[in-house]
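The block underneath contains the structure these notes are about, expressed in structure tokens.
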Amino acid sequence: MTMQAHEIRQKFLDFFREKGHLIVPSAPMVLKNDPTLMFTNSGMAQFKDFFLGHDTPPAPRIADTQKCLRVTGKHNDLEDVGHDTYHHTMFEMLGNWSFGDYFKKEAIAWSWELLTEVYQLPPERLYATVFEGDATENLAPDTEALELWKQYLPEDQILFGNKKDNFWEMGETGPCGPCSEIHIDLRPEAERQVKPGRELVNQDNPLVIEIWNNVFMQFERRADKSLRPLPAQHVDTGMGFERLCMAIQGKTSNYDTDVFQPLIQDVAQKQGCATARPTKPTSPCG
Ligand code: GLY
């Protein structure tokens, strides 16, 4: 039976609780006391001071589901909203954090375990990207993440990515670091045979999409654009809840999941019109 959205969310929180994480509530979306960010744009925003070493977290491992708004600043999705099936102004981001505790090995291992064992997503449809490095910033390729991914994925399902896609920064200033994204190919099998998913990763294909980002926080971007190494190394992950539901429920649009359908159907009924959206699984993962 298809896993419902509330079960998907709960399984995420239970998984990381079992791995020793403290579960905390979503922070408010409107930020106070941070002139660098107007709205919470990611799960890590409420933890910024812990990364920078200005404050101490209540636990070295935390997980939550955070309501995010991406309508302004560095991570602004407004241009895509309404034009595609997988960007939203407001969305929910599932995240797990390590504050100077575990690092790449555990973060990657647990991502894999959760996606393939708990959520049962097909491994052959998953792709990982790792940072290719950037000479202008004196940043080396992330060969450590590459080697770790090789334990789980064949090499043709691992790709190098540039600073735009694989070096995550909270805003113009603030904590940042190389990241490793996980993408899923939701296209029908026949299409996959014609064109491998690796050619469509980060190419704006609505059925080959990023679902989870693992950031390895190691730097602070300063106002003068320089990178200052942080006092400790941290993990910051963000998984798009609505996209994850689309993948697990076998849909081809976030709007066809039970995150949105009850609302859409209710509005349609109140307006006296039928909706054309399919309600049965339409992608191969469901
Ligand atoms: N903070 C990680 C992300 O939003 O992708």
If we scan segment 72-81, do we find a residue that is over 21 Å from Leu31 (Cβ atoms) and out of contact with any Asp or Glu (no Cβ under 6 Å at 6 or more places or on another chain)? yes
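From the residues in segment 33-48 that are within 14 Å of the ligand (Cβ to nearest atom) and among the hydrophobic types (A, V, I, L, M, F, W, C), which one is most open to solvent (accessible area, probe 1.4 Å)?
Phe39
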Please verify whether segment 49-65 includes one or more residues that are more than 16 Å from the ligand (Cβ to nearest atom), of a type in the set (A, V, I, L, M), open to solvent by less than 60 Å² (accessible area, probe 1.4 Å) and touching a strand residue (DSSP E or B) at 6+ places or on another chain (Cβ under 6 Å). yes
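Inside segment 68-93, can you point out the residues that are within 11 Å of the ligand (Cβ to nearest atom) and either in contact with a helix residue (DSSP H, G or I) (Cβ under 6 Å, 6 or more places away or on another chain) or part of a strand (DSSP E or B) (or both)? Before the answer, list the steps.
Keep residues of segment 68-93 that are within 11 Å of the ligand (Cβ to nearest atom), which gives 68, 70, 74-75, 91, 93.
Of everything in segment 68-93, those that are within 11 Å of the ligand (Cβ to nearest atom) and either in contact with a helix residue (DSSP H, G or I) (Cβ under 6 Å, 6 or more places away or on another chain) or part of a strand (DSSP E or B) (or both) turn out to be Cys68, Phe91, Met93.
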Considering every residue within segment 101-114, establish whether at least one is open to solvent by 10 Å² or more (accessible area, probe 1.4 Å) and more than 20 Å from Val215 (Cα to Cα). no
Hey, can you tell me all the residues within segment 218-263 that are closer than 14 Å to Glu92 by Cα and hydrophobic (A, V, I, L, M, F, W, C)? Met239, Phe241, Leu244, Cys245, Met246, Val259, Phe260
So, Glu199, is that one within 16 Å of the ligand (Cβ to nearest atom) and acidic (Asp, Glu) or not? no
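For segment 219-236, check the following and say yes or no: at least one residue is of a type in the set (Gly, Ala, Ser), within 16 Å of the ligand (Cβ to nearest atom), surrounded by 15 or more Cβ atoms within 10 Å (Cβ to Cβ) and not in a helix (DSSP H, G or I).
Within segment 219-236, none of the residues are of a type in the set (Gly, Ala, Ser), within 16 Å of the ligand (Cβ to nearest atom), surrounded by 15 or more Cβ atoms within 10 Å (Cβ to Cβ) and not in a helix (DSSP H, G or I).
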Among the residues of segment 117-129, are any free of Cβ contacts under 8 Å to residues at least 60 places away in the same chain and open to solvent by less than 30 Å² (accessible area, probe 1.4 Å)? yes
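The values are calculated or read from the model by the stated rules, or taken from the named source; none is laboratory data. All of these numbers come straight from a predicted model, not from anything done at the bench. FYI the Cβ positions are ideal-geometry reconstructions off the backbone, even for glycines, and counts take in every protein chain you see. Ligands, DNA and RNA are stripped out before the accessible areas are found, and what is left, the full protein with its side chains, is counted by its heavy atoms. Shrake-Rupley method; radii C 1.70, N 1.55, O 1.52, S 1.80 Å.
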